[in-house]
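Undergrad: Encoded as structure tokens, here's the structure I'll be asking about.
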Amino acid sequence: MPSPSKKTLALVAHDGKKAEMVAFVKDNIKLIKKFNLIATGTTGKYIEEAGLKVQKMESGPKGGDAQIAAKIVDGEINGIVFLRDPLGIHPHEPDIFMLLRLADVHNIPLATNLASASILIRAL
């Protein structure tokens, strides 16, 4: 169960960006440990292997993006790092756009690359 005293950070990475996400988490482990973590399934598995506790949703294509979007609507997410592969084709594109749209609707900080992710975790 997430700690109510910590902010919740959602971590999502397309397949071509998962290695970057793991490197980002490892490089920023002291800051990342200050958050309750939630992630899509495969990304969450890699983050667990990096030694962190994470609440895993389904993988993105199986609805994980939609599950995180629902948590945005419920007020459970304080920030999102979504390392997107802008050159890839993703069969679950509608769920991705829904997640991005809801982050905007609910004014949730969203980082889609390593530079903005670094700023986001420091600001939260």
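Every number in this text was worked out from the coordinates using simple rules, so none of it is lab data. Remember, predicted model here, so these are calculated numbers, not experimental data. Glycine also receives a Cβ, built like all others from the backbone with ideal geometry; neighbour counts cover every protein chain displayed.
Matching residues to (1) of a type in the set (A, V, I, L, M); (2) in contact with a His (Cβ under 6 Å, 6 or more places away or on another chain); (3) under 23 Å from ILE29 (Cα atoms); (4) surrounded by fewer than 17 Cβ atoms within 10 Å (Cβ to Cβ):
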{"position": "PHE82", "(1), (2), (3), (4)": "no, no, yes, no"}
{"position": "PRO91", "(1), (2), (3), (4)": "no, no, no, yes"}
{"position": "ASP104", "(1), (2), (3), (4)": "no, no, no, yes"}
{"position": "LEU110", "(1), (2), (3), (4)": "yes, no, yes, no"}
{"position": "ALA115", "(1), (2), (3), (4)": "yes, no, yes, yes"}
{"position": "ARG122", "(1), (2), (3), (4)": "no, no, yes, yes"}
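Undergrad: Does segment 82-98 include one or more residues that are in contact with a strand residue (DSSP E or B) (Cβ under 9 Å, 6 or more places away or on another chain) and free of Cβ contacts under 8 Å to residues at least 12 places away in the same chain?
TA: For segment 82-98, residues in contact with a strand residue (DSSP E or B) (Cβ under 9 Å, 6 or more places away or on another chain) and free of Cβ contacts under 8 Å to residues at least 12 places away in the same chain: absent.
Undergrad: Only residues in segment 55-69 that are crowded, with 17+ Cβ neighbours inside 10 Å count as the first member; pair them with residues that are among the basic types (Lys, Arg) and not in a helix (DSSP H, G or I), Cβ under 9 angstrom, at least 6 apart or cross-chain, and list the lot.
TA: GLY64/LYS56
Undergrad: Considering (1) among the acidic types (Asp, Glu); (2) in a loop (DSSP other than H, G, I, E, B); (3) under 22 Å from ASN107 (Cα atoms); (4) in contact with a helix residue (DSSP H, G or I) (Cβ under 6 Å, 6 or more places away or on another chain), say which one GLU76 fails and leave the rest.
TA: Single failed check for GLU76: (4).
Undergrad: Filter segment 19-48 down to residues that are assigned to a helix (DSSP H, G or I) and either basic (Lys, Arg) or without any contact (Cβ under 8 Å) to a residue 12 or more places away in the chain (or both), then give me how many there are.
TA: 7
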